Amino acid sequence: MDRYAEIAQHVQNGYSEKARKAVEAALAEGCPAGRVLKEGLIAGMEVVAAKFKSGQMFLPEVLAVAGAMKAGMELVKPLLVAANHEPLGKVVLGTVRGDMHDIGKNLVAIMLQGAGFDVVDLGTDVRVEKFIEAIERENPDIIGMSALLTTTMVHMKTVIEVLKQRDLRTRVKVIVGGAPISKNFASEIGADGYARDAATAVDVVKDLLDNK
Amino acid sequence: MRKRFNSLALGADALLFGVARTPLKRNGVVVGGGTVIPEIKFTLPPLSIEETPTDEIEAMYREIVTAVCDRAVHLGQQSLVVEFELLPPMTVDPPMGESITALIAGILAEFRGAHGLQSLLRITPVDIREQNKPPLRRRGREMELLLDSFRRCARAGADLLSIESTGGKEVTDQAIMSADVRGILFGSVVLGCADMEFLWEKIVGIARETGAVPAGDTACGIGNTAMVLADQGYVPRVFAAVVRAITAVRSLVAYEVGAVGPGKDCGYENAILKAITGLPMSMEGKSAACAHLSPVGNIAGCYADLWSNESVQNIKLLAGMAPVVSMEQLVYDCRLMNVAAGKGESLRFRDWLSESDAGLDPQAFVLSPNAVIGLAGAIVSEQNDYRRGLAAARKAVELLREGLSKGRLILSEREQDWLSRIGQTVSELPSEPKDFIIGEKPKWKDHVNYGEYGIPDEA
């Protein structure tokens, strides 16, 4: 088994210490940080994400795996930054104004982080201005909005309209999700993607970034 | 002043739908007096409360309540409970919630006068204390608005005061995702019970001031979050079943402080609370599928004194508007249960409701009548909240293991593995609350303001 496969295997098993040591060894042997990330850490996480999506793993098991990935990332990330390595993508998440539900949004954050994306979580009851400030500050590729109430889902449309007014709409893609949200609603308000659950959110984000 | 229950009010054969040891009588409605009564709930269609004129919002509520009452009368229903679950902007703006409460109370009075339809109005403000991170549980603007909301709604004609309180949720949200039973006990029982005691003393005080009834709470944000995530395959079902058992300890506090029922519909732990308190409970099951899916559609009916649809948007279906459709479903469900009771067949009918669900899911299994009595007994055998929670968790594991070994419960290998893990965890937990709290407190210090739970930082 080569170093990359070894790292991927430790990540899949959720072995944080072993993953960290394997990454350390790979880097010491001169393996490029970008390949360690892609062929080791992310490759391992992708296997897990697929198992989670097909119902073969529970979320607590995925979290253990995410911990192993994080342990490896701590060694790789400074090297990637120093080498100006292009990140996978950055996603700003928030539950919209007036809505304090955040479990679904938190699940999406976990799955995206596990897949290697940078995630900025704005929390709950996020007003349009806070989304705008985060876009200016973080320069994300995507913003994701969540709502659980029929009386808050309408604020998603407001955010998209303000993005258009401020000439920010072309800078970011928008995905939406939550119990009352449907694919039709997402289309009607002009969102770029609809994630029916946390597992599919990763696929939606990847598709949007591939087509950006 | 909290008075702890130390025995059970009802045994397994007396734990029946429609019958409470201490029924609630008000406005000509008797809850738990031998008849199951529909509790109808609804919410608005997609719109922004902030951007919609108040008179338009009130017109929607008028339309919904009038329509559901019309249907109830048409079907010959003699009594019902209507729940007005305030949306966040209506709790933040107490006069708005008060105005809608008065409107609904007025419509119910009109139907009482014109058609003899007896009714009660339950109001449920949102626990807006969640807006701060970490939440301020005992002080601050949100707490003042929340209590003002209760007071104003009660004065405007609300009969029953309820809430889905969120004390401890800043811990349990994360604990659920990690299937962390320690975190569930810490958030739900150590923090949750402290918050329940503080909050419900205030609510009971407002009920005394205003003449309203302090009805009950629910650990919906904990027990139902785990249950729904388990149903979606995110967390183990056995974990969600153990969480349910633990949440009973938290919700029980309301009744130990002075609540008298009917308990809130989404508290499936109400089954256990009914056995302990003998007070009437609202339950929701198959006819609440409009709001969320669950593995307990029939078994929840075993304990229902009120039978609820949980919530439905006011949208048009083929038959009519969705709340009217829900009203009809609830009426027919209640009719069937009441006919069974009238023929002296409540026990047989209850057992059919139970058996149709219990073997297929651990959540349903721990809510079957004998399991409920076992859990209720374990809880009242202890007088400290943490020990109660630990006893409930251990009993739930024992019941699930027994069900599995006797072939009464089907569990996948993965679920069996998790049951072993959870069993191992709860067997290793300290029996002394202090030891447990010392171990857990540092883990959650960034998420919890301990002073807001009356827990000193150094404790």
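The values are calculated or read from the model by the stated rules, or taken from the named source; none is laboratory data. Please read these numbers as outputs of a predicted model, since none were measured by experiment. Cβ: placed from backbone, ideal geometry, glycine included. Neighbour counts: every protein chain shown.
Take the conditions (1) within 14 Å of chain A (Cβ to nearest Cβ); (2) of a type in the set (Asp, Glu); (3) more than 22 Å from residue B:283 (Cα to Cα); residue B:209 misses just one of them, which is (1).
Restricted to segment A:102-212, the set of helices (runs of 4 or more DSSP H) holding at least 3 residues that are away from chain B (no Cβ under 12 Å) and of a type in the set (A, V, I, L, M, F, W, C) comprises A:128-138, A:154-165, A:198-210. Condition check: in contact with a strand residue (DSSP E or B) (Cβ under 7 Å, 6 or more places away or on another chain) and not in a helix (DSSP H, G or I). Does residue A:87 satisfy that? Yes; evaluated as a whole, the condition is true for this residue.
Which residues, taken from segment B:200-224, are among the small types (Gly, Ala, Ser) and assigned to a helix (DSSP H, G or I)? Let's see the steps before the verdict.
Within segment B:200-224, the subset among the small types (Gly, Ala, Ser) is B:205, B:207, B:211-212, B:215-216, B:219, B:221, B:223.
Within segment B:200-224, B:205, B:207, B:221, B:223 meet the criteria.
For the subset of segment B:154-169 comprising residues that are more than 17 Å from residue B:198 (Cα to Cα) and of a type outside the set (Gly, Ala, Ser), which member is surrounded by the fewest Cβ atoms within 10 Å (Cβ to Cβ)?
Going through segment B:154-169, the residues more than 17 Å from residue B:198 (Cα to Cα) turn out to be B:154-160.
Retained after the next criterion (residues that are of a type outside the set (Gly, Ala, Ser)): B:155, B:159-160.
On the way: B:155: 16, B:159: 22, B:160: 30.
Going through the qualifying residues, I end up with B:155.
Quick check on my filter: what residues within segment A:112-169 are of a type in the set (S, T, N, Q) and at negative phi?
In the first step, residues of segment A:112-169 are kept if they are of a type in the set (S, T, N, Q); the result is A:113, A:124, A:139, A:146, A:150-152, A:158, A:165.
Hits for segment A:112-169 are A:113, A:124, A:146, A:150, A:151, A:152, A:158, A:165.
Within the set A:43, A:64, A:71, the sole residue that is at pLDDT below 95, part of a helix (DSSP H, G or I) and within 14 Å of another protein chain (Cβ to nearest Cβ) turns out to be A:64.
On inspection, residue B:127 passes the criterion of being under 21 Å from residue B:262 (Cα atoms), out of contact with any strand residue (DSSP E or B) (no Cβ under 8 Å at 6 or more places or on another chain) and within 14 Å of chain A (Cβ to nearest Cβ). Selection within segment B:426-459: residues that are among the β-branched types (Val, Ile, Thr) and within 22 Å of residue B:383 (Cα to Cα). The member of this set that is modelled with the lowest pLDDT is B:455.
Put simply, of B:367, B:375, B:353 the only residue that is crowded, with 21+ Cβ neighbours inside 10 Å, touching a Cys at 6+ places or on another chain (Cβ under 6 Å) and modelled with pLDDT of 95 or more is B:353. The residue list B:175, B:240, B:219 contains one member that is in contact with a helix residue (DSSP H, G or I) (Cβ under 8 Å, 6 or more places away or on another chain), in contact (Cβ under 8 Å) with a residue 40 or more places away in the chain and within 13 Å of chain A (Cβ to nearest Cβ), which is B:240. Within segment A:50-59, the residues that satisfy the criterion of being crowded, with 21+ Cβ neighbours inside 10 Å and either part of a helix (DSSP H, G or I) or under 17 Å from the mean Cα position of the chain (by Cα) (or both) are A:52, A:59. Of the residues making up segment B:146-171, those that are out of contact with any strand residue (DSSP E or B) (no Cβ under 9 Å at 6 or more places or on another chain) and either away from chain A (no Cβ under 14 Å) or touching a residue at least 60 places away in the same chain (Cβ under 8 Å) (or both) number 9. Here residue B:382 meets each of (1) out of contact with any strand residue (DSSP E or B) (no Cβ under 8 Å at 6 or more places or on another chain); (2) in a helix (DSSP H, G or I); (3) among the acidic types (Asp, Glu) with one exception, condition (2). Taking the criterion of being closer than 24 Å to residue A:58 by Cα, more than 13 Å from every other protein chain (Cβ to nearest Cβ) and in a helix (DSSP H, G or I), the residues of segment B:420-438 that qualify are B:420, B:423, B:424, B:426, B:427, B:428. Residue B:38 satisfies every condition listed in (1) within 14 Å of chain A (Cβ to nearest Cβ); (2) within 20 Å of the chain's Cα centre (by Cα) except (1).
The residues of segment A:159-182 that are closer than 19 Å to residue A:91 by Cα and β-branched (Val, Ile, Thr), listed by number, are A:159, A:160, A:162, A:170, A:172, A:174, A:175, A:176.
Report whether or not residue B:197 is without any contact (Cβ under 8 Å) to a residue 60 or more places away in the chain, assigned to a helix (DSSP H, G or I), farther than 15 Å from residue B:449 by Cβ and away from chain A (no Cβ under 12 Å). If you could, list the steps in order and put the result at the bottom.
On the way: without any contact (Cβ under 8 Å) to a residue 60 or more places away in the chain: no; assigned to a helix (DSSP H, G or I): yes; farther than 15 Å from residue B:449 by Cβ: yes; away from chain A (no Cβ under 12 Å): yes.
It is false that residue B:197 is without any contact (Cβ under 8 Å) to a residue 60 or more places away in the chain, assigned to a helix (DSSP H, G or I), farther than 15 Å from residue B:449 by Cβ and away from chain A (no Cβ under 12 Å).
Take the conditions (1) within 11 Å of another protein chain (Cβ to nearest Cβ); (2) crowded, with 20+ Cβ neighbours inside 10 Å; (3) not hydroxyl-bearing (Ser, Thr, Tyr); residue A:89 misses just one of them, which is (1).
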